[in-house]
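K.L.:
Starting off with a structure, shown below.
Derivation of every value follows stated rules applied to the coordinates shown; laboratory data play no part. Predicted model, so just to flag it, every value in this text is computed and none were measured. All Cβ positions, even for glycine, are placed from backbone atoms using ideal geometry, and neighbour counts span all protein chains on display.
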Amino acid sequence: MPHNLPYAHDHPELDFLSAIQNIKPDVLIGATGAPGTFTNEVVRTMAKINVRPTIFALSNPTSSAECTAEQAYEWSDGRAIFASGSPFETVFLNGHTHRPAQGNNAYIFPGIGLGVIVADATVISENMFLAAAEALSDEVSDEDIAEGAIYPRLPTIRDVSAKIAERVADTAKSEGVAQASYSEGYAQVIQDYMYDPSYES
């Protein structure tokens, strides 16, 4: 596929560990469904290559994850930036708190959908996805990064979704595909449109 060419390496066939040692990746993305693929040696090798090795064990369910959060942190001496497809508990290692984050579509897709609906966009463009990703990254705090997480805390997801929606709607407007536009902007319209799950007594 042409879009993969910038990431391709013209290299003799290697086993997984040898590929890491030779190519020296910044990030491991696990979508294999094969538990234990990210072994002690694999994670330690990533930690030798990178100050903050990024380990994404994204396979679901939890039993299929390429490694656990605890393994990623322990084998990298607490330096890993970890995300998984399934939830893992907070890990306490050497007096430091490590908060694994779940890397899945729960953070992006609700905000994209809301922004598209509020803007009444005629198409969903690549720039809208980029805007959503940038809005999400803006919500990651220094504290999150210090704890090894690259996603904001899950309890903030409604606020995060609203900010993503606003950025997506603004992008739709700037690209000329928004059929709904508001002089005061989209922020309040998005807040009014969001579902409130609370019940009055």
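K.L.:
Can you work out ³J(HN,Hα) from phi for every residue in segment 128-134, in order, using Karplus 6.51 cos²θ - 1.76 cosθ + 1.60 and θ = phi - 60°, giving whole Hz and x for Gly and Pro?
P.N.:
Computed from phi, the couplings for segment 128-134 are 5, 5, 5, 4, 5, 5, 5 Hz.
K.L.:
Just THR37, THR156, THR62 to compare: in a GNM of the chain, with alpha carbon springs under 10 Å, which one fluctuates most?
P.N.:
THR156
K.L.:
Still on this structure: Please arrange ASP144, ASP196 by counting, for each residue, the other beta carbons lying within 10 Å of its beta carbon, fewest first.
P.N.:
Working: ASP144 16, ASP196 8.
The fewest-first ordering by Cβ neighbours comes to ASP196, ASP144.
K.L.:
Gain in length, TYR182 to ASP15, computed as 0.36 nm per residue apart minus the alpha-carbon separation, to one decimal in nm? Don't skip to the end; give the middle numbers.
P.N.:
Values: separation 167, 0.36 × 167 = 60.12 nm, distance 5.56 nm.
That works out to 54.6 nm of additional length.
K.L.:
Then there's this: Convert each backbone phi in segment 10-17 into a coupling constant with the Karplus relation 6.51 cos²θ - 1.76 cosθ + 1.60 (shift: θ = phi - 60°), then list the ³J(HN,Hα) values in order as whole Hz, x for Gly and Pro.
P.N.:
7, 8, x, 4, 10, 6, 4, 5
K.L.:
Which value in Å does the Kirkwood hydrodynamic radius of the chain take, with 1/r averaged over all unlike C-alpha pairs and then inverted?
P.N.:
18.8 Å is the Kirkwood radius here.
K.L.:
For the pair ASP77/MET194, report the inter-label distance in nm, with labels modelled 7 Å from Cα in the Cβ direction.
P.N.:
It is 4.2 nm.
K.L.:
Where does the longest stretch of the chain lie that holds no chymotrypsin sites (Phe, Trp or Tyr not before Pro) found in a DSSP loop with 15 or fewer other Cβ atoms within 10 Å? Numbers along the way, then the final one.
P.N.:
Details: sites that count: TYR182, TYR195, TYR199.
The longest such stretch corresponds to 1-181.
K.L.:
How would GLU89, GLU200 line up from fewest to most surrounding beta-carbon atoms within 10 angstrom?
P.N.:
Details: GLU89 10, GLU200 3.
Arranged by neighbour count, lowest to highest, GLU89, GLU200 become GLU200, GLU89.
K.L.:
Still on this structure, please answer the following. Starting at the first residue of segment 49-55, write each ³J(HN,Hα) from the Karplus equation 6.51 cos²θ - 1.76 cosθ + 1.60 with θ = phi - 60°, in whole Hz, x for Gly and Pro.
P.N.:
Each residue's phi maps through the Karplus curve to give 7, 10, 5, 10, x, 9, 10 Hz.
K.L.:
Work out the FRET efficiency for TYR7 and ASP120 from their Cβ-Cβ distance, taking R0 = 35 Å, and round it to the nearest 0.05.
P.N.:
Values: r = 36 Å, r/R0 = 1.03.
Once the sixth-power term is evaluated, E becomes 0.45.
K.L.:
Can you check how the C-alpha radius of gyration of segment 9-104 compares to 2.2 N^0.38 Å, as a plain ratio? Working shown, then result.
P.N.:
Working: Rg = 12.9 Å, N = 96, 2.2 N^0.38 = 12.5 Å.
Scaled against compact globular proteins, the figure is 1.03.
K.L.:
Return the FRET efficiency for the residue pair THR97, GLU134: r is the Cβ-Cβ distance, R0 is 25 Å, and the value is rounded to the nearest 0.05.
P.N.:
Working: r = 27 Å, r/R0 = 1.09.
E(calc), rounded to 0.05, equals 0.40.
K.L.:
Moving on. Sort HIS3, HIS96 so the one with the fewest other Cβ atoms within 10 Å of its own Cβ comes first.
P.N.:
Working: HIS3 6, HIS96 12.
Taking fewest neighbouring Cβ atoms as first place, the list is HIS3, HIS96.
K.L.:
Apply the a/c threshold of 1.5 to the C-alpha gyration tensor of segment 127-201 and tell me whether it is rounded, prolate or oblate.
P.N.:
Values: a/c = 3.07, a/b = 1.23, b/c = 2.50.
Note, shape of segment 127-201 comes out oblate.
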